[in-house]
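Novice: Pasting in a structure now, in C-alpha cells, and then I'll have a few things to ask.
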Amino acid sequence: SKLAALFEHPLYNIPIPEVTEKDKLFIVNPMEKFSLHSSRSDEWVSSSKAETLLPTGKTAYDTYPTWLKFHIGINRYELYPRRDPLLPTLLRDLATQRIISSVQKSGGTQLKLIMTFPNYGQALFKPMKQTRDQETPIDFFYFSDFERHNAEIAAFHLDRILDFRRIPPVSGRLVNITKEIRDITTDKKLAKTFFISPAGNVCFYGECSYYCSTEHALCGKPDRLEGSMAALLPDKTLAKRRSWRSPWRRSYHKSKKAEWELNPNYCSQVREMPPYDRGHRLLDLIDMTILDFLMGNMDRHHYETFEKFGNDTFLLHLDNGRGFGTHSRDELSILAPLQQCCSIKKSTYLRLQLLATQPYRLSDLLREALATDPLAPVLAEPHLQALDRRLGKVLVAVGHCLAR
C-alpha cells in the first residue's frame, strides 16, 4: 500500500503542539455519559448517574457514538488526527447507518439534504448531478457549475493525503429515494417536488436558486440515487464558527474582474490586513489555494474557522462540490495567492515534492484511497492523471518564487 507507506514517512509524522484543555473544542467530563435529547439544536444532555448505568469496565467515552467522538476530538490544530482509529468506522456509518429523517438544507444555491441516523448523527447528502466522464462545458461560468457528489468524496481523501485534514469525513452512498427520502421526509416543500418520470423513475427537485426544477430533477434508477454523505460539524449553537471572505474571491459577475486580477501587487495589501498581517493565516490560505488548484475548484469565496480558537487555528475546507469538473485544462488563476505572495509553508512544499516522486505519486495515492469507497470508481482516470500534471505546475510556481 502506497498510502500506508506515505503515512509512515517522516514528513507525515511531524508532531502537532501539545493539546491543552483550552485547545480542545469541547471539554468533556470523562465520568459523564452523554445522551441526546431531540430538539432543534440536538443539544447534549449529560447523565450524572453515568457510573451506575455503565457496564463493568467501560468508560463513559465508550458509550458515545462515533460521530460524537469525532466532534470531541476536534482541537485547535486539526479536525481529526493523522492516525485516527475512528475514521474507518465513521465512514462506514455514513455509508450504512439507517436513515430516519431527510430534510432539505436551507441556504446554498443547489439542493442538499440533511439526513439523520438513529444514533442522532447527521450527514449532509449531495445527490449525483453529473456522470464521472462528463466535463463542465467550457462556456459555463464557475458560479453556475454543478456541485458534484464525487468531488466531495475525492476532496476529503485528497485533503488527507496532503496532510491538511481540514475537510470533514465524506463517504459515497447509494440511497433509495422512495424509502430513504420521500417516505420519511417531514419537509413539506421538499415532499411537493416528487414525481414519477415518463421512464418510470422516481424523481424530485426541491427548492433552491439553481437547478431546482423539473428540467433539472434528480432521478433514480428506478429509485436508486448516488450521493455523497459528509459528516456534519458540531451544531453552531455548541461550537460557533466564523465565516471569512477570501481576499482572492472572484467577482461573481459575468464581465467584471476582481481587484486581485488587475493588481499584480495585491498581496502586499493583503499582508497588511488583519488577520493576514500576523501568524500563519496567509500560509493556511495558500494551502487551501493549492488544494483548490489540484481539484480545479474556482468557487472558494469564503472559508470558516472555529470561533473558540480565534485567529490561531486551521481553516475549514468546506463545500468542495465544484472541484473535479474539468481534467483537460488547468485554471492557473486559482494559484494567484501563491504566485502573488510567493509564500508557502516549508512542510507543505516538502510534502508536495514527495508526492511528485514515483513511490508516492499523487494520482496513485488518491486512486488507492478512493478504491475503498462504496461508489468506487469515484473519479474518471483522466482526473487522476490531471492531478500529477497540476502538482508539477504548483512546484514550477514555487520554483519561480525561489528563483526571484
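The values are calculated or read from the model by the stated rules, or taken from the named source; none is laboratory data. Quantities reported herein were computed from a predicted structural model and do not represent experimental measurements. When we count neighbours, we look across all protein chains shown, and the Cβ atoms used for this are built from the backbone with ideal geometry, even at glycine. All accessible areas refer to the heavy atoms of the entire protein, side chains included, with ligands and DNA or RNA removed. Shrake-Rupley method; radii C 1.70, N 1.55, O 1.52, S 1.80 Å.
Yes/no per residue for (1) in contact with a strand residue (DSSP E or B) (Cβ under 8 Å, 6 or more places away or on another chain); (2) aromatic (Phe, Trp, Tyr):
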| site | (1), (2) |
| --- | --- |
| PHE146 | no, yes |
| HIS149 | yes, no |
| PHE156 | yes, yes |
| PHE164 | no, yes |
| LEU174 | yes, no |
| LYS188 | no, no |
| ALA191 | no, no |
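Novice: Hey, another quick one. Given the conditions (1) buried (at least 22 other Cβ atoms within 10 Å of the Cβ); (2) under 14 Å from the mean Cα position of the chain (by Cα), report the number of the one that LEU232 does not fulfil.
Specialist: (1)
Novice: Let me ask something else. If the requirement is being without any contact (Cβ under 8 Å) to a residue 12 or more places away in the chain and surrounded by 13 or more Cβ atoms within 10 Å (Cβ to Cβ), which of these qualifies: ALA191, ALA151?
Specialist: Step by step, each of ALA191, ALA151 is checked, and only ALA191 is without any contact (Cβ under 8 Å) to a residue 12 or more places away in the chain and surrounded by 13 or more Cβ atoms within 10 Å (Cβ to Cβ).
Novice: Give the number of residues within region 390-403 that are open to solvent by 80 Å² or more (accessible area, probe 1.4 Å) and closer than 19 Å to THR136 by Cα.
Specialist: Total meeting the criteria: 0.
Novice: Being surrounded by fewer than 19 Cβ atoms within 10 Å (Cβ to Cβ), touching a Ser or Thr at 6+ places or on another chain (Cβ under 8 Å) and not aliphatic (A, V, I, L, M) is the requirement here; does SER213 meet it?
Specialist: No: the conditions fail for SER213.
Novice: Residues of region 101-130 being more than 20 Å from ASP299 (Cα to Cα) and either at pLDDT below 90 or of a type outside the set (A, V, I, L, M) (or both), which ones?
Specialist: SER101, SER102, GLN104, THR116, PHE117, PRO118, ASN119, TYR120, GLY121, GLN122
Novice: Please verify whether region 370-387 includes one or more residues that are touching a strand residue (DSSP E or B) at 6+ places or on another chain (Cβ under 9 Å), crowded, with 21+ Cβ neighbours inside 10 Å, charged (D, E, K, R) and in a loop (DSSP other than H, G, I, E, B).
Specialist: For region 370-387, residues touching a strand residue (DSSP E or B) at 6+ places or on another chain (Cβ under 9 Å), crowded, with 21+ Cβ neighbours inside 10 Å, charged (D, E, K, R) and in a loop (DSSP other than H, G, I, E, B): present.
Novice: Read through the list (1) open to solvent by 20 Å² or more (accessible area, probe 1.4 Å); (2) touching a helix residue (DSSP H, G or I) at 6+ places or on another chain (Cβ under 9 Å), then give the number of the only condition that PHE293 fails.
Specialist: (1)
Novice: In addition: If you check LYS257 against the conditions, is it under 24 Å from the mean Cα position of the chain (by Cα) and within 22 Å of HIS301 (Cα to Cα)?
Specialist: No.
Novice: Between a residue in region 266-291 that is more than 17 Å from ARG242 (Cα to Cα) and any residue that is of a type in the set (Lys, Arg) and open to solvent by 70 Å² or more (accessible area, probe 1.4 Å), which pairs come within a Cβ distance under 8 Å, given they are 6 or more apart or on different chains?
Specialist: Once the first residue is more than 17 Å from ARG242 (Cα to Cα) and sits in region 266-291, its partners that are of a type in the set (Lys, Arg) and open to solvent by 70 Å² or more (accessible area, probe 1.4 Å) give ASP277/ARG271.
Novice: OK, next. Which residue, of ASP133, ASP163, is farther than 20 Å from ASP235 by Cα, touching a residue at least 40 places away in the same chain (Cβ under 8 Å), in a loop (DSSP other than H, G, I, E, B) and open to solvent by 30 Å² or more (accessible area, probe 1.4 Å)?
Specialist: The conditions single out ASP133.
Novice: Search region 213-237 for residues being in contact (Cβ under 8 Å) with a residue 24 or more places away in the chain and among the polar types (S, T, N, Q), and hand back the single one that is nearest to ILE99 (Cα to Cα).
Specialist: Residue satisfying both the conditions and the ranking: SER228.
Novice: Applying the selection to region 69-100, what residues are of a type in the set (Lys, Arg), under 18 Å from the mean Cα position of the chain (by Cα) and at pLDDT below 95?
Specialist: If the condition is that a residue be of a type in the set (Lys, Arg), under 18 Å from the mean Cα position of the chain (by Cα) and at pLDDT below 95, then ARG82 is the only one that fits.
Novice: Condition check: in contact with a Ser or Thr (Cβ under 8 Å, 6 or more places away or on another chain) and assigned to a loop (DSSP other than H, G, I, E, B). Does ILE114 satisfy that?
Specialist: Here the answer is no, as ILE114 does not meet what is asked.
Novice: Quickly run through region 298-323 and pick out the residues that are open to solvent by less than 20 Å² (accessible area, probe 1.4 Å) and either modelled with pLDDT of 95 or more or acidic (Asp, Glu) (or both).
Specialist: TYR303, THR305, PHE306, PHE309, THR313, PHE314, LEU315, LEU316, HIS317, ASN320
Novice: May I ask you to say which residue of LEU291, LEU225 is among the hydrophobic types (A, V, I, L, M, F, W, C) and in contact with a strand residue (DSSP E or B) (Cβ under 8 Å, 6 or more places away or on another chain)?
Specialist: LEU225
Novice: What number of residues in region 59-89 are in contact with a Leu (Cβ under 6 Å, 6 or more places away or on another chain) and free of Cβ contacts under 8 Å to residues at least 40 places away in the same chain?
Specialist: Counting residues in region 59-89 that are in contact with a Leu (Cβ under 6 Å, 6 or more places away or on another chain) and free of Cβ contacts under 8 Å to residues at least 40 places away in the same chain gives 1.
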